[in-house]
Amino acid sequence: MTNNEFDNENEPWDLSLEPDSKWYALRLKQIFRFKDLLFLFVRRDFVAVYKQTILGPIWFFIQPIITAGIFALVFGLFGSIPTEGMPTLLFYMCGITMWNYFSDTLTKTSDTFTANAGIFGKVYFPRMIVPLSIVISNLIKFVIQFCLFMVVWLYYFSTTDIIHPNIAIALVPVLIIIMGFLGLGIGIIISSMTTKYRDLKFLIAFGIQLLMYASPIVFPLSLVMEKYPGFKYLLLANPITSIIETFKYGFLGVGVFNWGYLAYSLGFTIVVFFLGLIVFNKVERSFMDTV
């Protein structure tokens, strides 16, 4: 062996790819190393969807307005479902704003492996970057829709005296984090399962729709606790319930706020996220054989 060959063997490597045997690994160092790729995926998720549309990002504003308007017409006017004394449009927008972030995150992360199989099979990068980029891009969308909600909220706050915000507003960043990681955890679990059971993805839209009606979006939790106490615990078993109720309570001054309910949602989210991480890390090693 020549001196040059010996020197080359002792030169430090810029990148070392090694198998990771830890089923719980977050790979934060690798994700940070590929942060530029993460930002590119965020840009792709945010821009590409509306690039060849007529209205473009305006859909971010149209969607919650139309949905809240339909809910106000169907459930408020025709169904006469009480909204705890709040304007129907504001009440429904309050729940829809938070719900959209969760449902969009869950829907898109649940297709991680099948939608990106071509990329995963050609080049190496931490696979968790893809679902994380979805969480971040949907967070940008949430901020836009949250600004729209604030415009409606400020209008009613300045023209009526029935809205009483309180200190629970300070919990909004925590609620957003919980909602994002809950959608991420459930999404990557479903994505891992669809590598073998493709028909599961057809149940996602239906399941999310059912979950929405099992959440206090079109009706207040207090109504169920008062008139249908037998369903109270079934509704509270839904971790999204306390998140939406806390959000309503902070901005509107109505709703059910309970630290125990919120702690349950946080604990449920932590368990689901780490369970999803375990399943995701296990499936990513061999999913190319089944996709």
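Please indicate, with yes or no, whether at least one residue in segment 163-170 is under 20 Å from the mean Cα position of the chain (by Cα), within 27 Å of Gly187 (Cβ to Cβ) and in a helix (DSSP H, G or I).
Within segment 163-170, the first condition is being under 20 Å from the mean Cα position of the chain (by Cα), and the residues that meet it are 169-170.
Those left that are additionally within 27 Å of Gly187 (Cβ to Cβ): none.
No: segment 163-170 contains no residue that is under 20 Å from the mean Cα position of the chain (by Cα), within 27 Å of Gly187 (Cβ to Cβ) and in a helix (DSSP H, G or I).
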(message) Go through (1) assigned to a helix (DSSP H, G or I); (2) of a type outside the set (Gly, Ala, Ser); (3) within 25 Å of Ala68 (Cα to Cα) for Val218 and report which single condition fails.
(response) (1)
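Can you tell me which residue among Phe157, Phe142 is crowded, with 20+ Cβ neighbours inside 10 Å and in a helix (DSSP H, G or I)? Explain how you work it out, then say what you get.
Numbers: Phe157 fails: crowded, with 20+ Cβ neighbours inside 10 Å.
So the residue among Phe157, Phe142 that is crowded, with 20+ Cβ neighbours inside 10 Å and in a helix (DSSP H, G or I) is Phe142.
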(request) Please find, within segment 258-291, the residue that is surrounded by the most Cβ atoms within 10 Å (Cβ to Cβ) out of those that are modelled with pLDDT under 80 and of a type in the set (A, V, I, L, M). (result) Val283
(message) Given the criteria of a type in the set (A, V, I, L, M, F, W, C), more than 17 Å from the chain's Cα centre (by Cα) and closer than 21 Å to Thr67 by Cα, does Leu200 qualify?
(response) no
(message) Take Gly253 and tell me if it is small (Gly, Ala, Ser) and either in contact (Cβ under 8 Å) with a residue 12 or more places away in the chain or touching a Pro at 6+ places or on another chain (Cβ under 7 Å) (or both).
(response) yes
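The values are calculated or read from the model by the stated rules, or taken from the named source; none is laboratory data. Treat the numbers as computed from the prediction; the structure is a model and nothing was measured. Note that each Cβ is placed from the backbone with ideal geometry, even for glycine, and that neighbours are counted across all protein chains shown.
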